[in-house]
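The values are calculated or read from the model by the stated rules, or taken from the named source; none is laboratory data. The model shown is predicted, which means the values in this text are computed figures rather than measured ones. Glycine gets a Cβ as well: all are built from the backbone with ideal geometry, and neighbour counts include every protein chain shown. Ligands, DNA and RNA are stripped out before the accessible areas are found, and what is left, the full protein with its side chains, is counted by its heavy atoms. Shrake-Rupley method; radii C 1.70, N 1.55, O 1.52, S 1.80 Å.
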Amino acid sequence: MKRLLACTVVVLETASLSSAAAPSIDHLEGLALAPHSLAGQTLAEFSNTLGLDARGRDAWHALAWRDGEVEIQPFRGFREEPGAFDWTRPEADTRVAVPDYAELPLMVFRIRQGNGDRGPAAGGLATGNAPGLAIDERVREGWAHAFDLAGKRWTLRASYAKGPRGRALPGSMRLTVEGDDGKANAVLGRHPGLVFREQSVLWAGDLTRDGRPDFLLRRTLITGEIDYIVSLSSPDGRYAATGVTRDPDAPVNGFSSGIEESELESRRHANSPPPYAVYKLPQAKPAATGSWALSGPMKLKGIAIYTNPLPAQPSKAGLPAPERSQGVAIAPGVKRDLVFTFGGESFRLLAEIVPTWQGPAEGPHYMPQLHFGAYGSGGGPTLTVSLQHKGVKQVLLVTQPVMDDGPMTLTAGDLDGSGRLSLSIDWMPHYNNGMNNTWTRTDEPGRLVRRVSSFQSQGC
């Protein structure tokens, strides 16, 4: 690991870049690299909805990160592939659009002007290997890093807001770059509710060809997901950021809606050819989240681990939890300390309220692409749920402390018949939206469990 206070001076040559005018950037938009359902659209129709027609294609860029170097290429677009067949919906169109690469880039993004109504930005980014400096340093309070770009000295600085006992508040890191003229601009701003294990600056260079540095950043959330963020400058010195979130656990994500289920039954009825009778064949119900194995006793089932701190407010029913929580003070500290055993070993689960940055999201920022309810914050403290065993502590879940219904509950034991410990947590972060997340025991060093699934159930 490099020193926290580094002052490395590197001269970056930019003569090889195109002389085209630097683009004006109001904001950046990222594109998920996961397969996208075509759902009845042609590939061309789907592409055009993303602005990948002839007029807008030049605004999209693919960024690759290999061996400390950044490479920019025009986005190639999508190719069509068959998706997995859904036996519960045999009539569904399962075709998907996937990025047309043998090896996926790190991220795909586009430059936008205004609120998007003026279309893609003029100009663009230089393509090919971008001249720059691989920094790869972890950011902490007081961190600074100096380098030279196009004959000017630049200094990156990290600052944090302080919480109780003078400690840096999670989510409060603000990264700025200062030129030799003494003017500082925000590269990445603060964001409420986010808690990170570490944050790093990977690379600095001039992608926008305006003589100002652009940056590639990496953040590891305390729950293990990884953000990669690109922050680009405009000629006026402002920065815009976007990114992509990778989950090394690759959990299964699911969603069900009472409305969708009703519409599906309506379509099946409407598409039945009259005058034949309509028969609804019996369908096996999906397996419950926990199928109790006979190999061992169930230790915990539906145990409340956290209770909504808000009093009943009938007049505000249906409002988002953050709006209902205005003026409600939630004291930090441990709210549930639960010890249980499995396989002769002792585990400890903690539900804690931790202080986080309480201001609004500011400056260039990126909200991680996570399942519904994760890291939600209305500008107050944050709820974390963690598991401890033999000196290892792993944070399972981070969410908002104010919920819309019932207690958050835990089920733990041999839930899948494998003989290994699994955990299942249910909660309702927003009105009419229930969440269920599951984890299972892993032998990876420094970890206790891995994410298996995240399921959102939305009522009618």
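Would you check which residues across segment 356-366 are touching a strand residue (DSSP E or B) at 6+ places or on another chain (Cβ under 9 Å) and either modelled with pLDDT of 95 or more or buried (at least 17 other Cβ atoms within 10 Å of the Cβ) (or both) and list them?
Within segment 356-366, the first condition is being touching a strand residue (DSSP E or B) at 6+ places or on another chain (Cβ under 9 Å), and the residues that meet it are 356, 362-366.
Once the filter is applied, which keeps residues that are touching a strand residue (DSSP E or B) at 6+ places or on another chain (Cβ under 9 Å) and either modelled with pLDDT of 95 or more or buried (at least 17 other Cβ atoms within 10 Å of the Cβ) (or both), segment 356-366 yields Thr356, Gly363, Pro364, His365, Tyr366.
I'd like to know if segment 441-453 contains one or more residues that are over 20 Å from Glu225 (Cβ atoms) and either touching a Pro at 6+ places or on another chain (Cβ under 6 Å) or in a strand (DSSP E or B) (or both). So that I can check it myself, show each step before the final result.
Taking segment 441-453 first, the residues over 20 Å from Glu225 (Cβ atoms) are 443.
Narrowing the set further to residues that are either touching a Pro at 6+ places or on another chain (Cβ under 6 Å) or in a strand (DSSP E or B) (or both) leaves none.
Checked segment 441-453: no residue is over 20 Å from Glu225 (Cβ atoms) and either touching a Pro at 6+ places or on another chain (Cβ under 6 Å) or in a strand (DSSP E or B) (or both).
Can you find even one residue in segment 357-373 that is under 21 Å from Ser453 (Cβ atoms) and in a strand (DSSP E or B)?
Filtering segment 357-373 for residues under 21 Å from Ser453 (Cβ atoms) gives 368-373.
Narrowing further to those that are in a strand (DSSP E or B): none.
No, segment 357-373 contains no residue that is under 21 Å from Ser453 (Cβ atoms) and in a strand (DSSP E or B).
State whether the residues of segment 154-175 include one that is modelled with pLDDT of 90 or more, closer than 22 Å to Ser24 by Cα, more than 23 Å from the chain's Cα centre (by Cα) and not hydrophobic (A, V, I, L, M, F, W, C).
No, segment 154-175 contains no residue that is modelled with pLDDT of 90 or more, closer than 22 Å to Ser24 by Cα, more than 23 Å from the chain's Cα centre (by Cα) and not hydrophobic (A, V, I, L, M, F, W, C).
If you go through segment 403-432, how many residues are open to solvent by 10 Å² or more (accessible area, probe 1.4 Å) and at pLDDT below 90?
Looking only at that region, the number is 8.
Report yes if some residue within segment 376-384 is touching a strand residue (DSSP E or B) at 6+ places or on another chain (Cβ under 7 Å), in a loop (DSSP other than H, G, I, E, B), open to solvent by less than 10 Å² (accessible area, probe 1.4 Å) and of a type in the set (A, V, I, L, M, F, W, C); otherwise report no.
Within segment 376-384, the subset touching a strand residue (DSSP E or B) at 6+ places or on another chain (Cβ under 7 Å) is 376, 381-384.
Okay, now just the ones that are also in a loop (DSSP other than H, G, I, E, B), so 376, 381.
Among the residues that remain, those that are also open to solvent by less than 10 Å² (accessible area, probe 1.4 Å) are: none.
For segment 376-384, residues touching a strand residue (DSSP E or B) at 6+ places or on another chain (Cβ under 7 Å), in a loop (DSSP other than H, G, I, E, B), open to solvent by less than 10 Å² (accessible area, probe 1.4 Å) and of a type in the set (A, V, I, L, M, F, W, C): absent.
Which residue, of Gln394, Gln369, is over 16 Å from Leu300 (Cα atoms), in contact with a Gly (Cβ under 9 Å, 6 or more places away or on another chain), in contact (Cβ under 8 Å) with a residue 24 or more places away in the chain and open to solvent by 50 Å² or more (accessible area, probe 1.4 Å)? Spell out how you get there, then give the answer.
Working: Gln394 fails: open to solvent by 50 Å² or more (accessible area, probe 1.4 Å).
Answer to the selection: Gln369.
Of the residues that sit in segment 339-351 and are of a type in the set (A, V, I, L, M, F, W, C) and open to solvent by 20 Å² or more (accessible area, probe 1.4 Å), which one is farthest from Pro401 (Cα to Cα)? Write out each step before concluding.
If we filter segment 339-351 for residues that are of a type in the set (A, V, I, L, M, F, W, C), which is where we start, we get 339-340, 342, 347, 349-351.
Remaining after also requiring open to solvent by 20 Å² or more (accessible area, probe 1.4 Å): 339, 342.
On the way: Val339: 22, Phe342: 28 Å.
Among those residues, the one meeting the criterion is Phe342.
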